[in-house]
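Structure first, then comments.
Bear in mind that the values in this text are calculations on the coordinates, not laboratory data. Keep in mind it's a predicted model, so treat the numbers as computed, not measured. FYI the Cβ positions are ideal-geometry reconstructions off the backbone, even for glycines, and counts take in every protein chain you see.
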Amino acid sequence: MMWVAEESGRANLDVLLAAGGLEELAVAEALAQCPALDPAWLAAAAIDIEGYDINVAALHAAFVRTIYEHAGSILTNEPVTAVVRANPHWMVQTPVSTFETPLVVNAAGAWADVVAKMAGVPKIGLRPLRRTLCQSPVHWPCQIISWPTVVDVGDAVQGARFYFKPEQGGQLLLSPCDETLVEPDDVRPDVDDVDHALQMVNRATRLGLKSVTSAWAGLRSFVTDRHPVVGERVDEPGFFWFAAIGIGIQMAPALARTGAAIARGEPLPEDVRRLGVQPEQIAPNRLDAGSE
Ligand SMILES: Cc1cc2nc3c(=O)[nH]c(=O)nc-3n(C[C@H](O)[C@H](O)[C@H](O)COP(=O)(O)OP(=O)(O)OC[C@H]3O[C@@H](n4cnc5c(N)ncnc54)[C@H](O)[C@@H]3O)c2cc1C
């Protein structure tokens, strides 16, 4: 993955470089990696050589398999409609079933505050933010598939304004890095966000993208400090949050092990602790000032 900056974005790139894990690239090297970048726009770049592409469908399938291997089950088309405390347990209802459990794990994504409200538990102030992706055909004299994913660092006013990634078949996957606050719902892409993605990529490259072949949008949910919310509130035992996971594909394996350790009252996994993560940083109680 290659981070790119225009002149006004140098300070943002310096912050990323100071955080570690990236190597600065000379502009000529960055242009060699992605010749479509416009030399008149590009001022500085850095490469993340430890970043990998995740096959999300395969990862998801592996997680599903793991659930079945542990005698778990997945009930689709059975939305939770009520969560009622029946001390010391909870009764969880769907239109067709009722479950009794000592521990509810609220992993309802953008709907986590909706589920909390059902249970009469204070919300965490979740902010579901819409993010748009689209695909555009690229007319470029050579294969584009070897290009890295290219991410803008933004400038003093705004964070990243675009990213793009080459795909098989000469298509470019691109996003305007939008973060539009919406109600939790099955969102659709907004035409202005799609236009903005094309404009932002065209500003930084010589691609001259004109149209998209498909566009879609989804929700990335955060709380104010943008850390995940994992654990029980001290005064709400049995209601376990596993929410606000805005970059939840990359985090999923480590965060799931972290959540399982917290739920069992065990220390955090050693590799997670070594990254400096403390349970208090992700505990729901830290958000009490902002909750309703
Ligand atoms: C365009 C886009 C690009 C992204 N790119 C990246 C990326 O590059 N890297 C990365 O790591 N992440 C990325 N993400 C974010 C990632 O997809 C999310 O962080 C992740 O999906 C969150 O997982 P989750 O399980 O918490 O929530 P979800 O995946 O939203 O799962 C929550 C589930 O709960 C279900 N649910 C809700 N209410 C109920 C109810 N009442 N009863 C039963 N079930 C219910 C929902 O139907 C849903 O299936 C991206 C997201 C978008 C939209």
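Enter the Cα centre distance for the pair region 1-55 and region 172-201, rounded to the nearest angstrom. Answer, in whole Å: 23. Reducing region 231-250 and region 258-288 to their Cα centroids gives an inter-centroid distance of 10 Å. Remark: relative contact order (region 80-239) = 26 percent; criterion is Cα-Cα distance under 8 angstrom and separation of 6 or more residues. Sequentially through region 53-66, phi angles give Karplus couplings (6.51, -1.76, 1.60; θ = phi - 60°) of 7, 9, 7, 5, 4, 5, 4, 4, 4, 5, 5, 4, 4, 4 Hz, Gly and Pro residues having no value and appearing as x. For residue 156 and residue 89, a Förster radius of 41 Å and the Cβ-Cβ distance give a FRET efficiency of 0.20, rounded to the nearest 0.05. Of the residues 34, 134, 142, the one that moves most in a GNM of the chain with alpha-carbon contacts below 10 Å is 142.
Between 214, 136, 97, the Gaussian network model of the chain with springs among Cα atoms under 10 angstrom shows the greatest mean-square fluctuation at 97. The helix-only estimate of mean residue ellipticity at 222 nm for the chain, built from DSSP H runs of length n ≥ 4 each weighted as -39500 (n - 2.57), is -8000 deg cm²/dmol after division by the residue total.
In order along region 219-226, the phi-based Karplus estimate (6.51 cos²θ - 1.76 cosθ + 1.60, θ = phi - 60°) of 3J(HN,Hα) comes to 10, 10, 10, 9, 9, 4, 8, 6 Hz; Gly and Pro are listed as x. Annotation: amide H-H contacts under 5 Å for residue 161 (H modelled 1.01 Å from N, sequence separation of 5 or more, or interchain): 152, 154. The H on the amide N of residue 277, modeled in the peptide plane, is under 5 Å from the matching H of no residue at least 5 residues off or on a different chain. Compute the signed sum of charges (Lys and Arg +1, Asp and Glu -1) over the other residues within less than 15 Å, Cβ to Cβ, of residue 83. Local net charge: -1.
Ranking 254, 111, 215 by how far each Cα lies toward the positive end of the dipole of the chain (charges on Cβ) leaves 111 at the top. Looking at the square roots a ≥ b ≥ c of the eigenvalues of the Cα gyration tensor of region 187-226, which shape do they give, rounded for a/c under 1.5, prolate if a/b is larger than b/c, or oblate? Taking the square roots of the gyration eigenvalues as a ≥ b ≥ c, region 187-226 is oblate.
Classify region 245-286 as rounded, prolate or oblate, taking a ≥ b ≥ c as the square roots of the eigenvalues of its Cα gyration tensor: rounded when a/c is under 1.5, otherwise prolate if a/b is larger than b/c and oblate if not. Rounded shape, in that the Cα axes give a/c under 1.5.
Listing 113, 185, 178 from the residue with the fewest other Cβ atoms within 10 Å to the one with the most, what is the order?
185, 178, 113
The residues neighbouring residue 59, those whose beta-carbon lies less than 14 Å from its own, together hold a net charge of 0 under the Lys/Arg +1, Asp/Glu -1 convention.
Each Lys or Arg adds one and each Asp or Glu subtracts one; over the other residues with Cβ under 14 Å from the Cβ of residue 138, this totals +2.
Think of the chain as a dipole: +1 on every Lys or Arg Cβ, -1 on every Asp or Glu Cβ, centred on the Cα centre; then among 197, 91, 164, 91 lies furthest on the positive end.
Overall form of the chain: prolate. Here a/c, set by the Cα gyration tensor axes a ≥ b ≥ c, is 1.5 or more, and a/b is the larger of a/b and b/c.
Of all the options 127, 220, 257, the one that moves most in a Gaussian network model of the chain with Cα springs shorter than 10 angstrom is 257.
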